[in-house]
Amino acid sequence: MPVPLIWLIFALVLAGAEALTGDMFLLMLSGGALTAAGTSWLFDWPIWADGVVFLVASVLLLVLVRPALRRRFALGAGLPPEPIKALEGKQALVLNRVTRHGGQIRLDGEVWTARPLNADDVYEAGDQVTVVEIGGAIATVYKDVGN
């Protein structure tokens, strides 16, 4: 079996194992193995030289790339907010009477099933309500005293 293919298989195994850990350590080693596969294919160096390439590339990835990726994921930067969470706190119009058994509201141009925050509350069609929470396809709503 050709040496570059062995390095490629090693890189894929490490990347697959990373899916189980989520720590990005094995992913950096996978990048080192992928680099070793590429240099082995391009230059036909001895196996020990491929090992040095793997070691240097892995250390560089671990020292330079991994900390930046971990910070980015820890801060949640680049991840879009959940669209459902963005609807919480918005005003909605009651379309069909909202009781503990259900009802309908218009929220951001869409019709949602709704239930009152307090089970004994009843909101009539035309009332303005505020969305407290959305669970699945059901919006939990309440009506301000001022509404």
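Share of the chain's accessible area from carbon and sulfur, percent, 1.4 Å?
Of all accessible area on the chain, carbon and sulfur atoms account for 65 percent.
If you fit an axis through the alpha-carbon atoms of helix 3-21 and take the longest principal axis of the Cα set of the chain, what angle between them do you get, 0 to 90°, nearest 10?
Relative to the chain, helix 3-21 is tipped by roughly 30 degrees.
If packing is taken as the average count of other Cβ atoms within 10 Å, what order do 62-75, 7-20 fall into, highest mean first? Provide the component values of the computation, followed by the final result.
Numbers: 62-75: 11.7, 7-20: 15.6.
Sorting 62-75, 7-20 by mean packing, highest first, produces 7-20, 62-75.
What does the charge dipole of the chain about its Cα centre add up to, to the nearest 20 debye, if the Cβ of each Lys and Arg holds +1 and the Cβ of each Asp and Glu holds -1?
Dipole size: approximately 160 debye.
What accessible area per residue comes out for the chain, rounded to a whole number of Å², with a 1.4 Å probe?
63
Compute the relative contact order of segment 83-140 as a whole-number percentage, counting only Cα pairs closer than 8 Å that sit 6 or more residues apart in sequence.
Computed over segment 83-140, the figure is 39 percent.
Sorted by mean Cβ packing within 10 Å, highest first, what order do the peptides 87-95, 22-30 take? Mind dumping the intermediate values first?
Details: 87-95: 15.6, 22-30: 18.0.
Ranking the peptides 87-95, 22-30 by packing returns 22-30, 87-95.
Against the longest alpha carbon principal axis of the chain, how many degrees, from 0 to 90 and to the nearest 10, is the axis of helix 25-43 turned?
Helix 25-43 and the main axis of the chain meet at about 40 degrees.
So what's the angle, to the nearest 10 degrees on a 0 to 90 scale, between helix 47-60 and the longest Cα principal axis of the chain?
Value to nearest ten degrees: 40.
The values are calculated or read from the model by the stated rules, or taken from the named source; none is laboratory data. Here the structure is a predicted model, which means the values were calculated and not measured. When we count neighbours, we look across all protein chains shown, and the Cβ atoms used for this are built from the backbone with ideal geometry, even at glycine. Heavy atoms of the whole protein, side chains included, go into the accessibility calculation; ligands, DNA and RNA do not. Shrake-Rupley method; radii C 1.70, N 1.55, O 1.52, S 1.80 Å.
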